[in-house]
Amino acid sequence: MDTFFLSHGAPTVCIDETIPARSFFQSWLPAAIAGTQAPRAILVVSGHWETDAPAVNVVRGTNDTIHDFHGFPDQMYKLTYPAPGAPDLAERTKRLLEDAGFGPVGEEHGRGLDHGAWVPLMLMYPDAGIPVCQLSVQTERDGTYHYDVGRALAPLRDDGVLILGSGTATHNLARMGPHDAPPPQWASDFDTWLKDSLIDGRYEDVKRYKEKAPHAEVAHPSPHHFYPLHVALGAAGEESRAELIHHSWTNTSISYSSYRFSTKI
């Protein structure tokens with residue numbers, strides 16, 4: 001299966017019809033963006049789960065819905081996404097990572113889905129029938145580390161597992177503004193650099209984005225919303241190609257650029 005990086009942006013994308021990315025997520029099944037065959041399970045690498053070492057959530061039964069945000073409409077805290085857990089996928093993910101030298105991999109028993117997972121999935125797979133497992137990111141490590149984590153997980157694609165990196169292409173909450181204002185230069189420059197680097201296959205530059213990208217530290221004061229992209233990219237393999245599948249902005253500087261990574265034919 002192809003792998004994907006999704007810019008999930010604001011949690012309210014699941015209730016606010018004025019956010020352009022909402023229609024993109026809702027088109028996931030009708031447009032068969034991930035193919036016509038449903039995945040056996042979904043592995044989400046979310047920017048909202050940070051640990052010192054890799055960890056997977058092990059849920060036997062139904063995933064809880066974690067409302068890990070503050071100051072949003074009451075409606076947001078009533079939403080649930082009761083997808084089944086994927087304990088077998090968690091164990092397989094753990095084994096692949098430990099075999100590749102990323103161990104020990106932690107297990108979080110009973111941890112549900114944070115909004116980096118359930119918010120886009122609620123729109124993409126609204127029936128909540130596909131088992132979901134999450135993998136954490138390590139913000140003290142770098143892009144190459146997370147790319148290599150993805151490489152270790154590549155065999156999952158042959159098992160019918162959909163690997164999703166969920167973050168945001170630009171993520172500086174202190175620099176947000178009104179929806180109708182044009183993106184500032186720093187956000188536009190970083191977003192364009194990312195698109196060009198991925199499409200041109202300059203993956204080494206993407207791994208070393210802090211050195212190579214314009215305004216990297218402004219676009220991502222913390223890397224937690226960007227490292228899911230590296231995992232998805234690495235899982236697609238070195239002989240992969242990138243495709244921009246959605247592009248929009250909200251809050252002046254939040255880019256919803258989302259990408260498909262597929263094996264070159």
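Within segment 35-44, restricting attention to residues that are within 18 Å of the chain's Cα centre (by Cα) and of a type in the set (Val, Ile, Thr), the residue that is surrounded by the most Cβ atoms within 10 Å (Cβ to Cβ) is Val44.
Residue under question is Ala235, and the condition is that it be touching a strand residue (DSSP E or B) at 6+ places or on another chain (Cβ under 9 Å), within 24 Å of Arg40 (Cβ to Cβ), open to solvent by less than 40 Å² (accessible area, probe 1.4 Å) and not aromatic (Phe, Trp, Tyr); does it hold? For Ala235, the condition - touching a strand residue (DSSP E or B) at 6+ places or on another chain (Cβ under 9 Å), within 24 Å of Arg40 (Cβ to Cβ), open to solvent by less than 40 Å² (accessible area, probe 1.4 Å) and not aromatic (Phe, Trp, Tyr) - is met. Being under 16 Å from Ile163 (Cα atoms) and open to solvent by less than 60 Å² (accessible area, probe 1.4 Å) holds for only one residue in Ala53, Ala32, Ala21, and it is Ala32.
Of all residue pairs spaced 6 or more apart or on separate chains, those with beta-carbon atoms under 7 Å, a first member in segment 226-241 that is over 10 Å from Lys207 (Cα atoms) and of a type in the set (Asp, Glu) and a second member that is in a loop (DSSP other than H, G, I, E, B) and open to solvent by 10 Å² or more (accessible area, probe 1.4 Å) are Glu239/Lys264. Scanning segment 186-206 for residues that are touching a residue at least 24 places away in the same chain (Cβ under 8 Å) and out of contact with any Leu (no Cβ under 6 Å at 6 or more places or on another chain) turns up Trp186, Ala187, Asp189, Phe190, Asp191, Leu194, Leu198, Ile199, Gly201, Tyr203, Val206.
Checking each residue in segment 196-227 for being in a helix (DSSP H, G or I) and open to solvent by 70 Å² or more (accessible area, probe 1.4 Å) picks out Ile199, Glu204, Lys210, Glu211, Lys212, Glu217.
Scanning segment 1-18 for residues that are open to solvent by 10 Å² or more (accessible area, probe 1.4 Å) and touching a Gly at 6+ places or on another chain (Cβ under 8 Å), we see that the one that is farthest from Ala242 (Cα to Cα) is Met1. In segment 125-136, the residues that are under 19 Å from Thr51 (Cα atoms) and of a type in the set (Gly, Ala, Ser) form Cβ pairs under 8 Å with partners that are open to solvent by less than 10 Å² (accessible area, probe 1.4 Å) and part of a loop (DSSP other than H, G, I, E, B), at six or more places apart or across chains, as follows: Ser136/Pro54. In segment 102-110, is there at least one residue being out of contact with any strand residue (DSSP E or B) (no Cβ under 9 Å at 6 or more places or on another chain), at pLDDT 95 or above, open to solvent by 30 Å² or more (accessible area, probe 1.4 Å) and over 21 Å from Phe25 (Cα atoms)? Within segment 102-110, one or more residues are out of contact with any strand residue (DSSP E or B) (no Cβ under 9 Å at 6 or more places or on another chain), at pLDDT 95 or above, open to solvent by 30 Å² or more (accessible area, probe 1.4 Å) and over 21 Å from Phe25 (Cα atoms). Condition check: over 19 Å from the mean Cα position of the chain (by Cα), more than 16 Å from Leu135 (Cα to Cα) and at pLDDT below 95. Does Gly71 satisfy that? So Gly71 passes the test. Restricted to strands (runs of 3 or more DSSP E) entirely inside segment 88-188, those with at least 2 residues that are under 20 Å from Lys210 (Cα atoms) are 161-167.
The values are calculated or read from the model by the stated rules, or taken from the named source; none is laboratory data. The model shown is predicted, which means the values in this text are computed figures rather than measured ones. Cβ: placed from backbone, ideal geometry, glycine included. Neighbour counts: every protein chain shown. Each accessible area value is taken on the protein alone, full model and side chains, heavy atoms only, with ligands, DNA and RNA left out. Shrake-Rupley method; radii C 1.70, N 1.55, O 1.52, S 1.80 Å.
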